[in-house]
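Just so it is clear, none of the values below were taken in a lab; they were calculated from the coordinates. Given the structure is predicted, the values throughout are model-derived calculations rather than measurements. Backbone-built Cβ (ideal geometry, glycine too); neighbour counts: all protein chains shown.
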Amino acid sequence: MPYALFLLLLICPFLQTGHSAPPLVLPLNPSYQDQYGLFGGYSCTWDDELMLDSMTASASMNVLKKTEAAMENLRKLTDPLVCAKLSAPGGMQRNLLLTLYWLAEADMAGASVEQVLQEISRRGRNQATPADSTMAEVLLFNYHTARHLGVLGFSSLVNLGQGLPPSIPESDNNPDNRLAFAVPILPPDRFPQVAHQLFNYELFDGPLPKSTSRTLAPSQIEFAKKLISRGLLPPNALQATP
């Protein structure tokens with residue numbers, strides 16, 4: 001009896017401690033299936049799930065903020081009033097490079113570049129104007145060109161973010177480390193109506209001409225005809241060209 005009583009006295013304090021101080025957080029529906037939870041142990045407890053939801057929400061918020069920042073900068077860069085104040089072609093060429101940078105930022109944040117351009121081109125309206133829809137179309141083409149040339153990597157984005165021509169990677173058979181320039185499609189001096197339009201500028205990876213040619217290339221003529229058909233150039237815009 002004395003021995004049994006001695007054991008009972010030893011056990012009672014632990015029983016009282018167990019009932020008076022339960023765990024702070026208990027799993028609501030514990031399931032032990034040999035799967036480790038977020039913070040160790042088996043299964044994922046209720047507090048694990050809360051923390052995981054919080055982490056996911058935080059990451060989503062960061063992506064949302066990055067997308068919103070990109071959209072805000074793209075709206076400014078493509079604003080017709082802003083473009084009208086830039087020099088042509090120099091200021092507009094720099095503007096195109098900066099636009100490609102922020103499109104890349106939106107892309108890296110998980111946004112669809114095509115949808116971003118469509119939303120920007122509408123400018124809060126139900127439908128984009130011919131000028132804005134053409135801008136979205138050409139900018140998307142330029143973005144695909146930049147991706148094809150491999151100038152959307154980190155080192156290239158450093159240049160694009162400063163409005164500077166990026167270097168085309170050497171893996172693209174580029175031993176001379178040539179640059180990707182922004183150039184006007186139609187000469188601004190001969191087509192002043194589109195001198196301050198972003199859709200008149202493209203990313204170009206070939207050698208730049210040493211002198212301005214007075215003769216339009218077939219691709220330039222085709223582009224001018226497309227603009228005429230959309231009412232973005234006067235019907236006689238090509239008549240004054242050789």
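Filter region 150-160 for residues that are buried (at least 16 other Cβ atoms within 10 Å of the Cβ) and out of contact with any strand residue (DSSP E or B) (no Cβ under 9 Å at 6 or more places or on another chain) and give the result.
Filtering region 150-160 for residues buried (at least 16 other Cβ atoms within 10 Å of the Cβ) gives 150-152, 156-157, 159-160.
GLY150, LEU152, LEU157, LEU160 - these are the residues of region 150-160 that are buried (at least 16 other Cβ atoms within 10 Å of the Cβ) and out of contact with any strand residue (DSSP E or B) (no Cβ under 9 Å at 6 or more places or on another chain).
Applying the selection to region 98-141, what residues are more than 8 Å from the chain's Cα centre (by Cα) and of a type in the set (Gly, Ala, Ser)?
SER121, GLY124, ALA128, ALA131, SER133, ALA136
Pull up region 69-122, narrow it to residues that are in contact (Cβ under 8 Å) with a residue 40 or more places away in the chain and loosely packed, with under 14 Cβ neighbours inside 10 Å, then point me to the one that is nearest to ASP189 (Cα to Cα).
Among them, the one singled out is ALA84.
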